[in-house]
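Report on the following structure.
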Amino acid sequence: MQPKRTYLVVVDDSDEARVALRFAARRAAKTNGAIEVLGIVEPQDFVQFGGVQAAIEEEQKLRIEGVVSSAIGEILDESGIEANIIVQQGEPVKTVRDYIGDRAEVAALVLGAAPSGNPGPLVANFCGNDAGRLPCPVMLIPGSLSDERLEQLS
């Protein structure tokens, strides 16, 4: 059996990440695909005890699960698709590049762009310097899209 087409979304607390997540969930539902949600815990400058780092990572995972539930819980319930939530520690661009490089089932990296100002470091990197270097397309979703427009486009 061929693996499902997977849409990878990098999630943080931003509104544009929620828009990208909703788009990916709708797209996955319409294409009988799946979504993977990647949360990245940036390395702390200094963590003396490993237990502290583990607690930070667990807190980040719980926060990301909350973001996913609030952003797309209804879509997941309606469509029956699953969201696989992964939390990794590292520098965001390298973490995303390494994650995608290990997974042939990732059909697209779905990123949300801020409605104004700086689009964010991942957007700037993967749609700028590293454009064309990933083994999958990058879907750039404007953070200002309404739910109605998202539904039309996905």
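Scanning region 6-21 for residues that are more than 10 Å from the chain's Cα centre (by Cα), surrounded by 16 or more Cβ atoms within 10 Å (Cβ to Cβ) and not in a strand (DSSP E or B) yields a total of 2. The residue of region 66-84 that is nearest to R103 (Cα to Cα), among those that are under 15 Å from the mean Cα position of the chain (by Cα) and among the β-branched types (V, I, T), is V68. Restricting attention to region 88-115, the residues that are β-branched (V, I, T) and touching a Lys or Arg at 6+ places or on another chain (Cβ under 7 Å) total 0. Pairing each residue of region 28-40 that is under 16 Å from I100 (Cα atoms) and touching a residue at least 40 places away in the same chain (Cβ under 8 Å) with any residue that is among the polar types (S, T, N, Q) and part of a helix (DSSP H, G or I), provided the two are 6+ apart or on different chains, yields C-beta distances under 6 Å for G39/Q60; I40/T95. Select from region 136-151 the residues that are touching a strand residue (DSSP E or B) at 6+ places or on another chain (Cβ under 8 Å) and open to solvent by 40 Å² or more (accessible area, probe 1.4 Å) and write down the one among them that is farthest from L21 (Cα to Cα). Ranking the qualifying residues of region 136-151, first place goes to P137. You will find that of A24, A34, the residue that is at pLDDT 90 or above, under 10 Å from the mean Cα position of the chain (by Cα) and among the aliphatic types (A, V, I, L, M) is A24 and no other.
Hey, does region 110-130 have a residue that's open to solvent by 30 Å² or more (accessible area, probe 1.4 Å), in contact with a Phe, Trp or Tyr (Cβ under 8 Å, 6 or more places away or on another chain) and at pLDDT 85 or above? No, the conditions are met nowhere in region 110-130.
The values are calculated or read from the model by the stated rules, or taken from the named source; none is laboratory data. Here the structure is a predicted model, which means the values were calculated and not measured. Positions of Cβ are generated from backbone atoms using ideal geometry, with glycine treated the same way; all protein chains shown enter the neighbour counts. All accessible areas refer to the heavy atoms of the entire protein, side chains included, with ligands and DNA or RNA removed. Shrake-Rupley method; radii C 1.70, N 1.55, O 1.52, S 1.80 Å.
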